[in-house]
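Trainee: Provided herewith is a single structure, encoded as structure tokens, for subsequent inquiry.
The values are calculated or read from the model by the stated rules, or taken from the named source; none is laboratory data. Just so we're clear, the structure is a prediction, and the values are computed from it rather than from any experiment. For neighbour counting, all protein chains shown are included, and Cβ atoms are generated from backbone atoms with ideal geometry for every residue, glycine included. To get the accessible areas, we keep the full protein, side chains included, count just its heavy atoms, and leave off ligands, DNA and RNA. Shrake-Rupley method; radii C 1.70, N 1.55, O 1.52, S 1.80 Å.
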Amino acid sequence: MTADGPIAIVAEDEAPQRAALLSMLADAWPELSSVSACEDGIAALQAVAELRPAVAFLDIRMPGVSGLDVARSVVAAGGLVVFTTAYDAYAIRAFEAGAVDYLLKPVQPAHLARAVARLRERLDARDGEDDLQARVDQLEAALRPNGDRQVRWISASVGDSVRMIGIDEVLYFQAQDKYVRVVTADAEAVIRTPLKDLLAGLDPDTFWQVHRGVVVRVAAIDRVRKDELGKWQLCLRDRQESLPVSGAFLHRFRGM
């Protein structure tokens, strides 16, 4: 490994497979400056926050936090992802359709070498236009046979760092220029995922769209009132600011 090469993480909850992948990766990509081994999704999230790896090899299914959740954090930090999976041929088609690199378990050295070659090319050609977050979202949707996916974690930018926010913490989302604000009771962050795409992954009984640019947690709503200009405003229980409500969504509040 070299001092100035890319940093990688390997997240795999089964120790023998993790050790085998680390050994093969050392042979396939000796130029890596370091490789951090993670035994579950939580450890992988911590490694992403601390190391900001250029590449991550992630098991799709891990205890606590899935590889898909970790992938969002990796991509938000500017990294690339390769998933390892034991899924059958039907599910593999979802990976191919999502244009996300994958390795079928048990990982073979020749397959890893091809993945490494693709990663090197992509690292050399990065131009900032590759929307990998959207690809991860598409992949998750494709892996669910009924197409129903629920967002559980939000990987959001806070200054120079990336924070993982549990969906249960979020009070509301608000579109703002090219970003979407993610607001909790005591903090806020920004993401690039468009509000309409985000809305598709939210529980409609938990989050309501109240304006073309606002989606709010129902339990966080205190009241809706008219301001001095006759426009409807939504007041929250745990925040002092008010949010706009469009006439098209006022029917949600009848009887409140």
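Trainee: Please verify whether region 146-162 includes one or more residues that are more than 24 Å from G41 (Cα to Cα) and either of a type outside the set (S, T, Y) or surrounded by fewer than 17 Cβ atoms within 10 Å (Cβ to Cβ) (or both).
Mentor: Here is the first cut: in region 146-162, the residues more than 24 Å from G41 (Cα to Cα) are 146.
If we keep only those that are either of a type outside the set (S, T, Y) or surrounded by fewer than 17 Cβ atoms within 10 Å (Cβ to Cβ) (or both) too, we end up with 146.
Yes.
A quick yes/no check of all residues on (1) open to solvent by less than 20 Å² (accessible area, probe 1.4 Å); (2) in a strand (DSSP E or B):
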site	(1), (2)
F173	yes, yes
V180	yes, yes
V183	yes, yes
D186	no, no
T193	no, no
L198	yes, no
G201	yes, no
D205	no, no
Q209	no, yes
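Trainee: Would you mind listing the helices (runs of 4 or more DSSP H) fully within region 1-120 where at least 1 residues are buried (at least 17 other Cβ atoms within 10 Å of the Cβ), under 17 Å from the mean Cα position of the chain (by Cα) and modelled with pLDDT of 90 or more?
Mentor: 41-51
Trainee: Also, quick follow-up: Give the residue, chosen from I167, I221, that is at pLDDT 85 or above and crowded, with 18+ Cβ neighbours inside 10 Å.
Mentor: Working: I167 fails: crowded, with 18+ Cβ neighbours inside 10 Å.
That would be I221, the only listed residue that is at pLDDT 85 or above and crowded, with 18+ Cβ neighbours inside 10 Å.
Trainee: Another question, then. Among the residues of region 224-241 satisfying the criterion of being among the charged types (D, E, K, R) and either modelled with pLDDT of 90 or more or surrounded by fewer than 17 Cβ atoms within 10 Å (Cβ to Cβ) (or both), which is farthest from Y179 (Cα to Cα)?
Mentor: So in region 224-241, the residues among the charged types (D, E, K, R) come out as 225-228, 231, 237-239, 241.
Going one step further and asking which of them are either modelled with pLDDT of 90 or more or surrounded by fewer than 17 Cβ atoms within 10 Å (Cβ to Cβ) (or both), we end up with 225-228, 231, 237-238, 241.
Values: R225: 27, K226: 27, D227: 27, E228: 29, K231: 25, R237: 24, D238: 23, E241: 19 Å.
Once the filter is applied, the top-ranked residue is E228.
Trainee: Has region 194-202 got any residue that is modelled with pLDDT under 90 and farther than 19 Å from I154 by Cβ?
Mentor: As a first pass, look at region 194-202 and keep what is modelled with pLDDT under 90: 194-202.
When the remaining residues are screened for being farther than 19 Å from I154 by Cβ, the result is none.
No, region 194-202 contains no residue that is modelled with pLDDT under 90 and farther than 19 Å from I154 by Cβ.
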